[in-house]
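The values are calculated or read from the model by the stated rules, or taken from the named source; none is laboratory data. All values derive from a computational prediction rather than experimental measurement. For neighbour counting, all protein chains shown are included, and Cβ atoms are generated from backbone atoms with ideal geometry for every residue, glycine included. For accessibility, only protein heavy atoms count, side chains too; no ligands or nucleic acids. Shrake-Rupley method; radii C 1.70, N 1.55, O 1.52, S 1.80 Å.
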Protein chains: 2
Amino acid sequence: MSKVQSLNMRLTATEENYLKAIFKLSEENGNPTATTNAIAAEMNTAAASVTDMLRRLSEKDLIHYEKYKGVHLKEQGRKVATMLLRKHRLWEYFLVEKLKFEWDEVHDIAEELEHVRSEELINRLDNYLGQPRFDPHGDPIPNADGTIPTRQLTPLSTLKTGQHGVLTGLQEHPDSLMRYLKKVNISIGTKIQVLELHEFDESVSVRIDDERDIELSEKVSKNLLLKI
Amino acid sequence: MSKVQSLNMRLTATEENYLKAIFKLSEENGNPTATTNAIAAEMNTAAASVTDMLRRLSEKDLIHYEKYKGVHLKEQGRKVATMLLRKHRLWEYFLVEKLKFEWDEVHDIAEELEHVRSEELINRLDNYLGQPRFDPHGDPIPNADGTIPTRQLTPLSTLKTGQHGVLTGLQEHPDSLMRYLKKVNISIGTKIQVLELHEFDESVSVRIDDERDIELSEKVSKNLLLKI
DNA sequence: ACATATTTTTAGATTAATCTAAAAATATTT
DNA sequence: AAATATTTTTAGATTAATCTAAAAATATGT
Ligand SMILES: [Mn+2]
Ligand SMILES: [Mn+2]
Ligand SMILES: [Mn+2]
Ligand SMILES: [Mn+2]
C-alpha cells in the first residue's frame with residue numbers, strides 16, 4: 001500500500017536533502033543506483049538513519065527501494081531533486097551577481113534558500129536574473145521544465161602540451177579549491193594553456209590568460225574542466 | 001542553573017517564531033508581558049505546547065518566565081525578535097521592489113526567508129536594496145543595531161471632515177484587507193481626504209488623490225494610518 | 001565452499017515539537 | 001467566602017530525525 005502522494009506534496013528540508021544526495025550520487029557514478037553507505041557518507045549521518053529515511057521516501061513513492069538492493073529515484077523524486085538544484089544554483093547566482101558575494105561564500109546560504117517553497121518565487125527570480133544557464137561554479141541551472149543544459153568539457157589534466165581552453169566548470173568544488181583558485185586568480189572564463197607536463201607528479205605548467213605562468217598540481221588540474 | 005547561551009546560539013525556526021509572537025503581543029498591547037493563551041492563539045497551537053516552549057526559551061535565557069505569571073522577552077530574546085522583523089521586512093521589500101510581487105503575496109514567502117541564517121546576507125541585501133526604512137506594508141524596518149524607526153501616524157477613522165493625509169501604514173494587514181485596497185486602488189502613498197462622516201455606521205466618504213470619491217467602512221478606516 | 005569482512009537492517013533510545021485530556025492554579029461572580 | 005469559570009500546567013502519546021549497538025544479509029578471499 002504505497003502512499004502515492006499528490007503532485008505538490010509537502011516535503012521536509014531533510015527529505016529534500018536526501019533526494020538531492022541520491023541524485024548527486026547517481027549522477028557522479030553514472031549508475032542510477034545509490035547505496036545506503038554512500039548516502040550516509042554524503043549526508044554525514046549513520047547508515048541506520050538512511051535506512052529509516054529510505055523507507056519513508058519509498059512510502060511517498062519518490063524512490064524505488066528494496067532492502068539490501070540500493071535505491072534509485074523515481075520520476076517524482078528526480079523532479080524534486082532537479083528543482084532543488086535549480087533553486088540552489090539560481091540563488092547562488094543571485095548572491096554572487098547581485099549581492100557581490102565571492103564564489104566560495106555562497107554554498108551554505110544557498111543550502112538554506114533552496115528549501116523556501118514557492119514556484120512563483122523561483123520563476124520570478126529566474127527572470128529577474130535574466131535566466132542564467134550556469135551558476136557561479138559553472139554548474140548548469142536546470143530549466144523550469146526540468147531539463148538540464150549539457151556541455152562537453154575536458155579536464156585540464158587530459159590536455160597535451162600546447163593545447164588550451166577556457167575554464168568552464170569544476171569537477172568537484174570544495175571551498176578549499178575555490179579559495180585556492182581565487183588566490184591564484186583563476187575563475188570561470190579564465191583561459192588556460194598547457195606549457196609543460198611533469199611526468200613525475202602529474203603536475204602541469206600553464207599560461208593564464210596569455211599573461212602569466214603558474215604550476216598546478218595533479219589534484220587541481222583534474223578538477224578544472226575546460227571548454228576546448 | 002539556566003543555560004546562558006553564547007551570543008550566536010543556534011535557534012530553530014520554531015523557537016524564532018515564538019519569540020516573534022511574544023514580541024508582537026507585547027508591542028500591540030503596550031504591555032511587555034504575554035500570556036500563554038495569547039501566544040497559543042497567535043501561533044495556532046495548543047496552550048500545552050506553549051508551556052513546553054516557554055520552558056525551553058527560558059532555559060536559553062531568551063525570556064523571563066514564571067509559571068502562571070506570563071512571560072516577557074529578555075535582552076537577547078528581544079534582539080532575536082527584532083532581527084527577525086528586519087529580515088522579514090527586507091525580504092518583503094525585495095520581493096515587491098525587485099521581483100514585482102504584489103504586496104498581498106509576499107508575507108508567507110518572507111515567513112520562510114526570515115529564518116535563513118546569515119548576518120552577512122541580510123546586511124548585503126539591505127545595501128543592495130538601498131537601506132529602505134519601511135516595508136511594502138509601511139512597517140518600519142529595524143536597523144542593523146536593532147533600533148526601529150518610529151513615526152506619528154493617525155488612523156483615518158479619527159479625522160474630521162475636510163482633513164487629509166497620506167496613507168503610510170496599516171494597523172493590521174491581513175491579506176483580505178490588502179486585496180481590498182488593491183481593488184479600490186489605494187496603496188502606501190495614496191492621498192486620502194475626508195469628505196463626509198456617516199454617524200450611523202461610522203463609515204466615511206473620502207476623496208482619493210484629489211481625483212475620485214469612494215466610501216470606506218469603519219473597519220477599513222480604522223486600519224488606515226495616515227501621515228497628516 | 002567456507003571463513004572472514006563489509007554492508008545493511010533492526011532494535012531500542014533520545015530530542016524537538018506537537019497533541020488531548022486531566023489536574024492544578026488563578027480569576028470572577030454571586 | 002464559596003462556587004464557578006478560566007487559564008495554565010502536567011501527564012502521557014505521537015511523529016520526524018537522529019544515534020549506538022547488535023543482528024542479519026551480502027560480498028570477498030583463499
Ligand atoms: Mn552550492
Ligand atoms: Mn554551485
Ligand atoms: Mn509580513
Ligand atoms: Mn510587512
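List of remarks:
- Other protein chain Cβ atoms within 10 Å, averaged over every residue that makes up B:112-121: 5
- Loop-located chymotrypsin sites (Phe, Trp or Tyr not before Pro) in region B:15-72 whose Cβ has at most 15 other Cβ within 10 Å (DSSP): B:Y68
- Cβ-Cβ FRET estimate between A:E59 and A:E119, R0 fixed at 35 Å, reported to 0.05: 0.90
- Computed from protein heavy atoms with a 1.4 Å probe, the total accessible area buried between A and B is close to 1700 Å².
- For the protein assembly as shown, the ratio of Cα radius of gyration to the globular rule of thumb 2.2 N^0.38 Å stands at 1.22.
- Of the trypsin sites (Lys or Arg not before Pro) in region A:31-122, those whose Cβ has at most 12 other Cβ within 10 Å and which sit in DSSP loop: A:K67, A:K69, A:K100
- Region B:94-196: GluC sites (Glu not before Pro) in DSSP coil with no more than 15 other Cβ atoms inside 10 Å: B:E102, B:E172
- Partner lysines for B:K191 [C-alpha distance under 20 Å; skip if fewer than 8 residues away on the same chain]: B:K160, B:K182, B:K183, B:K219, B:K222, B:K227
- Among A:I22, A:I39, A:L54 the positive-end extreme of the charge dipole of region A:3-77 (Cβ point charges): A:L54
- Sorted from closest to farthest, the other copies place their B:A41 label points 5.6 nm away, with each point set 7 Å from Cα along Cα→Cβ.
- Shown is the FRET efficiency for B:I148 and A:N44, computed with R0 = 60 Å from the Cβ-Cβ distance and rounded to the nearest 0.05: 0.90.
- Degrees between helix A:47-59 axis and first principal axis of chain A (Cα, 0 to 90, nearest 10): 60
- Estimated purely from DSSP H runs of n ≥ 4, each contributing -39500 (n - 2.57), the mean residue ellipticity at 222 nm for chain A is -12500 deg cm²/dmol once divided by its residues.
- Counting 0.36 nm for each residue step from B:E172 to B:K67 and taking away their Cα separation leaves a gain of 34.7 nm.
- Site pair A:D213 and A:H164 shows an inter-label distance of 1.4 nm when each label is modelled 7 Å from Cα along Cα→Cβ.
- Relative counts (whole %) of C-alpha pair distances in region A:154-227, using bins that are 10 Å wide: 21, 62, 17
- Cut-off under 5 Å, modelled amide H: who pairs with B:W103 long-range: none
- Size of electric dipole in chain A: Cβ of Lys, Arg +1 and of Asp, Glu -1, about Cα centre, debye, nearest 20: 760
- Per residue of peptide A:122-133, the mean number of Cβ atoms on other chains within 10 Å of the residue Cβ is 1.
- Listed residues A:H88, A:H115, A:H198, most fluctuating in chain A (Gaussian network, C-alpha, under 10 Å): A:H198
- Chain B: angle of helix B:13-29 to the longest principal axis, Cα-based, in degrees nearest 10: 50
- Total charge dipole magnitude, region A:154-227, about the Cα centre, Cβ charges on Lys, Arg, Asp, Glu only, Debye to nearest 20: 300
- Across region A:3-77, the convex hull enclosing all Cα atoms gives 80 Å³ per residue.
- Cβ-vector label at 7 Å, A:V184, separations to other copies in nm: 6.7
- Dimensionless Rg/Rh of chain A - Kirkwood Rh, Rg from C-alpha atoms: 1.02
- Other copies of B:L195: label-to-label distances in nm, shortest first, labels 7 Å along the beta-carbon direction: 8.1
- Mean separation of Cα contacts under 8 Å (6+ apart) over length of region B:3-77, as relative contact order %: 33
- Qualifying lysines (Cα of each under 17 Å from Cα of A:K79; at least 8 residues distant if same chain): A:K20, A:K24, A:K60, A:K87
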